[in-house]
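S.K.: Sending over a structure as structure tokens; questions will come in a sec.
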């Protein structure tokens, strides 16, 4: 699956989405955004992958919304790409049932920064920089991630500072805030992302999907609600083919061959 500026490939149970519009630092037009959302949805249902890496061409992650393209849309219609209930249109990455890793080289601004917040694991190059600069455009963080996910990642005070000021955050500060997991040299970024992805892909797809679902739902659940979901997930796991294979492979001293069932 591929749009003009959105590429999707898969190999060794790892899917990769690459934003490829270097002339505009991967800034998103409305057409690109539609392709991106559709490609993330496709990856989420692709049985050939267990984990998804999201990146941009070298030197760019996503410079946000292409303001020239935005200017072609009447003001009252801008930004509202779906209703509040259509979370897959606002949070396509967070809604993806597969574990997600973003590999960030260069600017992740505005919507680009929001997309990084939606990923489960963030790896940055030394060239990475982030800005939730919506306040300078008379906007709020456009996917809602900056006002919901970001405070849960870096804490309330830091999140409000970033969204109030629109300050630029360089890679080292992003690391000190706990926003990114690691900072590496640009040439090492994708190899490191695939190294982490390979470790994840070695696990049970059935387990990975349940772990992601349980973890995100737990962010707003009470303990009784969480434990109800947890016990249901445990019951489903014990009945799964992946559980039987995991036990058999251990006893037979061989690598497991998981199917996700």
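S.K.: With the requirement that a residue be assigned to a loop (DSSP other than H, G, I, E, B) and either surrounded by fewer than 17 Cβ atoms within 10 Å (Cβ to Cβ) or in contact with a strand residue (DSSP E or B) (Cβ under 7 Å, 6 or more places away or on another chain) (or both), what does segment 192-208 give you?
M.R.: 202
S.K.: Still on this structure: Residues 150, 123: which one is surrounded by 15 or more Cβ atoms within 10 Å (Cβ to Cβ), modelled with pLDDT of 95 or more, within 23 Å of residue 97 (Cα to Cα) and out of contact with any strand residue (DSSP E or B) (no Cβ under 8 Å at 6 or more places or on another chain)?
M.R.: From the options 150, 123, the qualifying one is 150.
S.K.: Okay, next question. Before we move on, is residue 221 more than 24 Å from residue 145 (Cβ to Cβ) and surrounded by fewer than 16 Cβ atoms within 10 Å (Cβ to Cβ)?
M.R.: no
S.K.: For residue 183, which of the numbered conditions (1) in a helix (DSSP H, G or I); (2) surrounded by 15 or more Cβ atoms within 10 Å (Cβ to Cβ) fails to hold?
M.R.: The single condition residue 183 does not satisfy is (1).
S.K.: If you go through segment 145-173, how many residues are closer than 16 Å to residue 108 by Cα and outside any helix (DSSP H, G or I)?
M.R.: Selection size over segment 145-173: 5.
Conditions (1) buried (at least 21 other Cβ atoms within 10 Å of the Cβ); (2) under 30 Å from residue 218 (Cα atoms); (3) at pLDDT below 95, marked per residue:
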residue	(1), (2), (3)
16	yes, yes, no
34	no, yes, yes
53	yes, yes, no
56	yes, no, no
63	yes, no, yes
68	no, no, yes
80	no, yes, yes
98	yes, yes, no
102	yes, yes, no
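S.K.: For segment 193-207, check the following and say yes or no: at least one residue is over 26 Å from residue 255 (Cα atoms), out of contact with any helix residue (DSSP H, G or I) (no Cβ under 7 Å at 6 or more places or on another chain) and at pLDDT 95 or above.
M.R.: no
S.K.: Condition test on residue 189, is it over 14 Å from the mean Cα position of the chain (by Cα), part of a helix (DSSP H, G or I) and crowded, with 23+ Cβ neighbours inside 10 Å?
M.R.: yes
S.K.: Still on this model: Within segment 1-67, considering only strands (runs of 3 or more DSSP E) that don't extend past its boundaries, which have at least 3 residues that are touching a residue at least 60 places away in the same chain (Cβ under 8 Å) and in contact with a strand residue (DSSP E or B) (Cβ under 6 Å, 6 or more places away or on another chain)?
M.R.: Ranges flagged: 51-56.
S.K.: Please work out which residue is surrounded by the fewest Cβ atoms within 10 Å (Cβ to Cβ), limiting yourself to segment 128-144 and to residues that are more than 19 Å from the chain's Cα centre (by Cα) and in a loop (DSSP other than H, G, I, E, B).
M.R.: If we take residues in segment 128-144 being more than 19 Å from the chain's Cα centre (by Cα) and in a loop (DSSP other than H, G, I, E, B), then 138 is surrounded by the fewest Cβ atoms within 10 Å (Cβ to Cβ).
The values are calculated or read from the model by the stated rules, or taken from the named source; none is laboratory data. Just so you know, these numbers come straight off a predicted model, no measurement behind them. Cβ atoms come from the backbone with ideal geometry, glycine included; neighbour counts cover every protein chain shown.
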